[in-house]
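Report on the following structure.
The values are calculated or read from the model by the stated rules, or taken from the named source; none is laboratory data. Small disclaimer: the values here were computed from a predicted structure and weren't measured. Because the Cβ atoms are built from the backbone with ideal geometry, glycine has one as well, and the counts that use them run over all protein chains shown.
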Amino acid sequence: MGFAKALKCRECGKEYEKQPINICEWCFGPLEVVYDYDGIRKVMTRAHIQRGPHNLWRYRELLPVEDGPVIDMHAGMTPLVRADNLGRMLGLENLYIKNDCVNPTYSFKDRVVAVASTVARQMGFDTLACASTGNLAGSVAAHAAKAGMKAFVFIPADLEKVKIVGASIYGPTVVAVNGNYDEVNRLCSEVADNFNWAFVNINVRPFYAEGSKTLGYEVAEQLGWRAPDNVIVPVASGSLLTKVWKGFNEFKDIGLIDQVQTRVHMVQPQGCSPVVTAFSEGVMDVRPVKPNTIAKSLAIGNPADGYYALKVLKDSKGTATAVTDNEVIEGIKLLAETEGIFGETAAGVVISGLRRLALSGAIKPKELTVVYVTGNGLKTQEVVEDTVRPLVVQPTLASFKKALESK
Ligand SMILES: *Cc1c(COP(=O)(O)O)cnc(C)c1O
Ligand SMILES: [Zn+2]
């Protein structure tokens, strides 16, 4: 049957049977999945996990799916790479990159969609849908294709062309909305009320969000069953950040790791940084903003989990940083030139955030630090294409030598 027992309101605690809803009808608080942790503790040992598949389904007892087949595109178990070159530049001796660029549709969204699409099919839906800042659209469309489901993906019309093509290719209906993400999301909430579709990040959001916990589990397992001292996480809605923290703490609670002394550091692009602003002002409610940034995958002006992300920063003694669009570009290039990893704008955001934290001394040289690189740079080439230039030569040695001299 799986170990997910019910849904529970994060505010008033009211419990609901598992079903496609995300808001408490009593107090409008967000719902979260609750598990039978005693049952999980009995079966989920380190050895049990290591016998599992080499993807996120090795943690299926802690994911809200029923028994039976899952929609499996082999998301997860992405490389955790030691970043000695980047570390040397920043004065950090124990730095790692969690490289989620190499998921099936090239972003971490495959983790959440693997779970949401499986739950949706188990609940009897034949159509997957989403409101997307770009990466989610591609992942939903691909998983629907794999599962033989229909798909409707809603995106802001001004999205990067590669992300539109990269979603459309899987054959969904792509709906380009003349508006920003927050307007797309509002429209989708209305559509969800009128059509019997599984909107992965709306009506099945409590299940969807659980998929991000695997970014905590994997890092802990790949570090040899321990939680790092610092994690650097990009924030759009704030869901990923809260679930990385939840993942470490669940591992501790069921006895898979000893302790969690991790500080969770959030980074947002300055042009869309409502959660960072709230943190700096020392308040817990997040004032919505109108996004204006090249980091489109993070351009959510009214973040659904902003409040809970702030709570994680408090509980973990973390920090919040906003970086400029220029720093985003510098961050993309720095990661590529030091570690050979081409991340998207969200990667530029966290790498620049890391640089600031290292230079200010907020992160100490010997601490074990993990940076989450959540999406692939091939999808946001337009932000860096003017900063790179090939040597153009005639097919002669003389021309090549001349070009080399003038370089
Ligand atoms: C969606 C997304 C995020 C942030 O996710 P939230 O859970 O909404 O905070 C980070 N990086 C990339 C590349 C994304 O596509
Ligand atoms: Zn409630």
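For the reader, a short list of remarks on this structure follows.
- Note on the range 1-17: among residues that are in contact with a Phe, Trp or Tyr (Cβ under 8 Å, 6 or more places away or on another chain) and within 23 Å of ARG60 (Cβ to Cβ), the one that is nearest to ligand 2 (Cβ to nearest atom) is LYS8.
- Selection count, the range 173-200, where residues are within 19 Å of SER117 (Cβ to Cβ), touching a helix residue (DSSP H, G or I) at 6+ places or on another chain (Cβ under 9 Å) and free of Cβ contacts under 8 Å to residues at least 40 places away in the same chain: 2
- Residue match in the range 171-178 (condition: under 21 Å from HIS74 (Cβ atoms) and out of contact with any His (no Cβ under 6 Å at 6 or more places or on another chain)): yes
- One residue alone among GLY301, GLY238 is within 11 Å of ligand 1 (Cβ to nearest atom) and touching a helix residue (DSSP H, G or I) at 6+ places or on another chain (Cβ under 6 Å), and that residue is GLY238.
- In the range 184-239, the qualifying residues are those that are among the basic types (Lys, Arg) and over 24 Å from VAL371 (Cβ atoms), and the one that is surrounded by the most Cβ atoms within 10 Å (Cβ to Cβ) is ARG205.
- Filter result for GLY318 (assigned to a loop (DSSP other than H, G, I, E, B), surrounded by 18 or more Cβ atoms within 10 Å (Cβ to Cβ) and not aliphatic (A, V, I, L, M)): yes
- For the range 4-27, the set of residues classified as within 16 Å of ligand 1 (Cβ to nearest atom) and farther than 23 Å from PHE125 by Cβ consists of ARG10 only.
- Of all residues in the range 296-305, one or more are surrounded by 21 or more Cβ atoms within 10 Å (Cβ to Cβ) and within 16 Å of ligand 2 (Cβ to nearest atom).
- Cβ-Cβ under 6 Å pairs, at least 6 apart or on other chains, the range 4-28 side hydroxyl-bearing (Ser, Thr, Tyr), far side more than 8 Å from ligand 2 (Cβ to nearest atom): TYR16/LEU7
- Residues of the range 70-113 that are within 13 Å of ligand 1 (Cβ to nearest atom) and of a type in the set (Phe, Trp, Tyr): TYR106, PHE108.
- Sub-9 Å Cβ pairs linking a first residue in the range 283-298 that is farther than 16 Å from GLN381 by Cα to a second residue that is within 16 Å of ligand 2 (Cβ to nearest atom) and of a type in the set (Ser, Thr, Tyr), at least 6 apart or interchain, are MET284/TYR307; ASP285/TYR307; VAL286/TYR307, ordered by first then second residue.
- Being aromatic (Phe, Trp, Tyr), at pLDDT 95 or above and within 29 Å of GLU339 (Cα to Cα) is a description that does not apply to PHE125.
- Any hit, the range 34-51, residues being within 16 Å of ligand 2 (Cβ to nearest atom), in contact with a strand residue (DSSP E or B) (Cβ under 6 Å, 6 or more places away or on another chain) and at pLDDT 95 or above: yes
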